[in-house]
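Each remark here refers to the structure printed beneath this line.
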Amino acid sequence: MEKEPTLKDLLKDKNNSFELLYKNYKDDFIAFGRKFSLKENEIIDIYQESFLTLYENLLNGKISEFTSSIKTYLFSIGKFKIYEYLRANSKLKIIDTPINEEITLDDLTLENELLSEREQLIKANFKKLGKKCQRILELFYFKGKTLNDIKEIENYDNTDVVKSLKSRCLRTLKQLVNA
C-alpha cells in the first residue's frame, strides 16, 4: 500500500479504505501468523477478528490518532489475539512458578512427543552453536532468566553485552536452521 488512509478517511470509509486495508495487509498477516505454527484458516480467523477490533476501536473513539502505522497497530492487535488463541487451545503454556532445577537441551529428549521437522532442525543446529551461545540461549529461553540475571550469572560487564550476544546467537541459530 502506497499511503495509508487517514483517520478521517477510515471513519467516513472514503474510497473503501477498510476494504483496501484488509486486502493489502492480509498476506503479510498470514506470513506473520505462520511464525506461530498456526494453520492458515486459524490465521485468517484471527486476522478478521483483529480487523474488527481495529474497526470497533475507531468507531468507539478509542483511537483518536495513530502513533504508529495502521499496519503496526493492526498487527499488535493480531499478536495479542494469537497469544489468546494459543493459550485457549493449550498450544501456549504460561508457567507462573519458576523452575528450580537445572534444565539443559540434553534433558529435553521429548521421547513421548513427536518433534516437528522444524523442531528437529532447531535441536540439531542448537548443538552446533558454541558453548557460550548454548549457555546464553539456555539461560534465557529454557530457564527464563532475564538479561540482567544472565549478566550476573556469567559475569558480563553489562546487560547490553548479554543482549548483543543473545541476538547474535539467535541469528546464527536461525541461519543454521534456514540453510
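Can you spot the lysines whose alpha carbon is less than 29 Å from Lys3's alpha carbon? Ignore those fewer than 8 places along the same chain.
Of all the lysines, those that pass the test against Lys3 - Cα under 29 Å, at least 8 places apart if same chain - are Lys12, Lys14, Lys23, Lys26, Lys35, Lys62, Lys71, Lys79, Lys81.
About the Cα centre, and with charges only on the beta carbon of Lys, Arg (+1) and Asp, Glu (-1), how big is the dipole of the range 7-88? Nearest 20 debye, please.
So the magnitude is around 180 debye.
Below 11 angstrom from the Cβ of Lys81, what's the summed charge of the other residues (Lys, Arg +1; Asp, Glu -1)?
Cβ neighbours under 11 Å give a net charge of -2.
Below 12 angstrom from the Cβ of Lys131, what's the summed charge of the other residues (Lys, Arg +1; Asp, Glu -1)?
With Lys, Arg at +1 and Asp, Glu at -1, the net is +2.
Provide the per-residue ³J(HN,Hα) series for the range 163-168, in order, calculated from phi with Karplus coefficients 6.51, -1.76, 1.60 and θ = phi - 60°, each as a whole number of Hz, with x at glycine and proline positions.
Karplus-based 3J(HN,Hα) across the range 163-168 equals 4, 5, 5, 4, 4, 5 Hz.
Could you please rank Ser76, Ser17, placing first whichever residue has the fewest other Cβ atoms within 10 Å of its Cβ?
Going from least to most buried by this count: Ser76, Ser17.
Each reported figure results from applying straightforward, stated rules to the coordinates on display, with no laboratory input. Not measured: the values here are computed from a predicted model. Cβ: placed from backbone, ideal geometry, glycine included. Neighbour counts: every protein chain shown.
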